Amino acid sequence: MVVFIGGIILILIVGVMLFVNFSPQFGGSATKAQKAIYTQSQQYRNGVFANIGDVKMNMGFNDYIKSLVGFFGPQPKSKPKENITVQEADSLNIAQYSGNTRLIWFGHSTFLLQINGKSILIDPMFGEVPAPSPLLGSKRFSKNLPIEIEKLPKIDAVILSHDHYDHLDYGSILKLKDKVGVFYTPLGVGVHLSEWGVEPGRIKELDWWEEATFGELILACTPAQHFSGRGLTDGGKTLWSSWVIKSASENIFFSGDSGYGSHFKDIGEKYGPFDFAMMECGQYNTLWQEIHMLPEETAQAGVDVKAKTIMPIHWGAFKLAMHPWSEPVERLAIRAAELDVSIVVPRIGQPVVLNQEPMAITEWWNEFN
């Protein structure tokens, strides 16, 4: 019996190793020349990227057990009671759009931003499961997306915040790569895109506080407090970030994934005030508060970056934490009111148009509780 159990364990270990080493979902690895470039970054130390002040997720073994038990055990309202309905987007409308700057939310942290005549996808995760295999994650809360990748018109640029599966999706990149002009990423993330067939000339990697000009837009790669990695041994091998998207008349902030920290005030001082800020608010737990904000911290971060209006993101699509699925926006709304912070909470697929009357908040999520 001992030999039989040992054999099963060995087979599982070998199977996992083969899967990690030969499955394309895990992406690429940096070359020696690329690593030499990374050493010029203040965030790159001892072969890995690090947060400001070396902040890390401090979870002991017991905390991991608590996390796993809570995730896989029964939890009230951790998912909607039925599939979330989304507002559909039309490919022709997207292709011909020439109005005020607008954003279409796909749930979680994925957006289509149309600004200055350009269409930009932010963290385009269109997959059904945020994991390297459908067996390793829970399915999307909505059966459909506002528009499928195949129906999207030409995309001028993609902006990526980091390489986690719920932000950088292998299947989505394969379907998008031939219709995208250029990809903007933090340092190192481009190695995954190259591995998946995107030409190096279409990949622009930036360090924190570096800027790129994209037509009439300025894109700034700014700090976040998070981590990276897609496999068993590549933690910290790529950088994570937030982003500033600035036109002649508008200023937009995208937080990416981040714990609360002093970097928000730094970003607000250097690039604020912002007309609109997409702020992480979901998939949190006090066990990993260093790398994911609580909703009350999200509201404060909106104040710190000097945002006129904030929108909660990183919720509404997947179960990646133990809290009730709609709790993030409910807690945020309470704290935002206390801090006099304006928020918008569109349905998935509902366009948010800037420079218009503020969107009235309808508690649409209650339809699915």
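Out of segment 77-93, which residues are more than 22 Å from the chain's Cα centre (by Cα) and closer than 11 Å to S142 by Cβ?
As a first pass, look at segment 77-93 and keep what is more than 22 Å from the chain's Cα centre (by Cα): 77, 81-82, 90-93.
E82, the sole residue that qualifies.
Give me the residue from segment 209-259 that is of a type in the set (D, E) and out of contact with any Ser or Thr (no Cβ under 6 Å at 6 or more places or on another chain) and, out of that set, farthest from K35 (Cα to Cα).
Here the residue is E216.
Just give me the residues in segment 98-152 being basic (K, R) and under 14 Å from H167 (Cα atoms), in sequence order.
R140
Residues G235, G259: which one is on the phi < 0 side of the Ramachandran plot, touching a residue at least 12 places away in the same chain (Cβ under 8 Å) and open to solvent by 10 Å² or more (accessible area, probe 1.4 Å)?
Within the list G235, G259, the selection yields G235.
Given the condition part of a strand (DSSP E or B) and touching a Cys at 6+ places or on another chain (Cβ under 7 Å), answer yes or no: does some residue in segment 175-185 qualify?
no
Given the conditions (1) more than 25 Å from N100 (Cβ to Cβ); (2) in a loop (DSSP other than H, G, I, E, B); (3) open to solvent by 10 Å² or more (accessible area, probe 1.4 Å), report the number of the one that A321 does not fulfil.
(3)
Just give me the residues in segment 256-269 being part of a helix (DSSP H, G or I) and either over 14 Å from A307 (Cβ atoms) or touching a strand residue (DSSP E or B) at 6+ places or on another chain (Cβ under 6 Å) (or both), in sequence order.
H263, D266, I267
Restricting attention to segment 192-215, which residues are in a strand (DSSP E or B), of a type in the set (D, E, K, R) and surrounded by fewer than 20 Cβ atoms within 10 Å (Cβ to Cβ)?
Across segment 192-215, the qualifying residues are K204, E211.
Test E297 against the stated conditions and say whether it is open to solvent by 10 Å² or more (accessible area, probe 1.4 Å) and not in a loop (DSSP other than H, G, I, E, B). Spell out how you get there, then give the answer.
Values: open to solvent by 10 Å² or more (accessible area, probe 1.4 Å): yes; not in a loop (DSSP other than H, G, I, E, B): yes.
Yes: the conditions hold for E297.
Please find, among K143, K118, the residue that is in contact with a Leu (Cβ under 8 Å, 6 or more places away or on another chain) and of a type in the set (K, R).
K118
I'm trying to understand the selection: among the residues of segment 319-362, which are among the hydroxyl-bearing types (S, T, Y), more than 18 Å from A277 (Cα to Cα) and in contact (Cβ under 8 Å) with a residue 24 or more places away in the chain?
Within segment 319-362, just S326 meets the criteria.
Do the conditions hold for L174, that is, is it in contact with a strand residue (DSSP E or B) (Cβ under 9 Å, 6 or more places away or on another chain) and either hydrophobic (A, V, I, L, M, F, W, C) or closer than 25 Å to N83 by Cα (or both)?
no
If G171 passes every condition in (1) in a loop (DSSP other than H, G, I, E, B); (2) modelled with pLDDT of 95 or more; (3) open to solvent by 20 Å² or more (accessible area, probe 1.4 Å) but one, which one does it miss?
Single failed check for G171: (1).
Evaluate the following for I291: is it modelled with pLDDT of 95 or more and under 25 Å from D90 (Cα atoms)?
For I291, the condition - modelled with pLDDT of 95 or more and under 25 Å from D90 (Cα atoms) - is not met.
Could you tell me which residue of segment 216-232 is farthest from Y44 (Cα to Cα), considering only residues that are small (G, A, S) and open to solvent by 10 Å² or more (accessible area, probe 1.4 Å)?
That would be G231.
Quick check, is Q34 surrounded by 15 or more Cβ atoms within 10 Å (Cβ to Cβ), at pLDDT 95 or above, in a strand (DSSP E or B) and not aliphatic (A, V, I, L, M)? Talk me through it step by step, then tell me what you get.
On the way: surrounded by 15 or more Cβ atoms within 10 Å (Cβ to Cβ): yes; at pLDDT 95 or above: yes; in a strand (DSSP E or B): no; not aliphatic (A, V, I, L, M): yes.
No, not satisfied.
The values are calculated or read from the model by the stated rules, or taken from the named source; none is laboratory data. This is a predicted model, so every value here is computed, not measured. A quick note on method: Cβ atoms are made from the backbone with ideal geometry, for glycine too, and the neighbour counts reach across all protein chains shown. Accessible surface areas use protein heavy atoms only, side chains included; no ligands, DNA or RNA. Shrake-Rupley method; radii C 1.70, N 1.55, O 1.52, S 1.80 Å.
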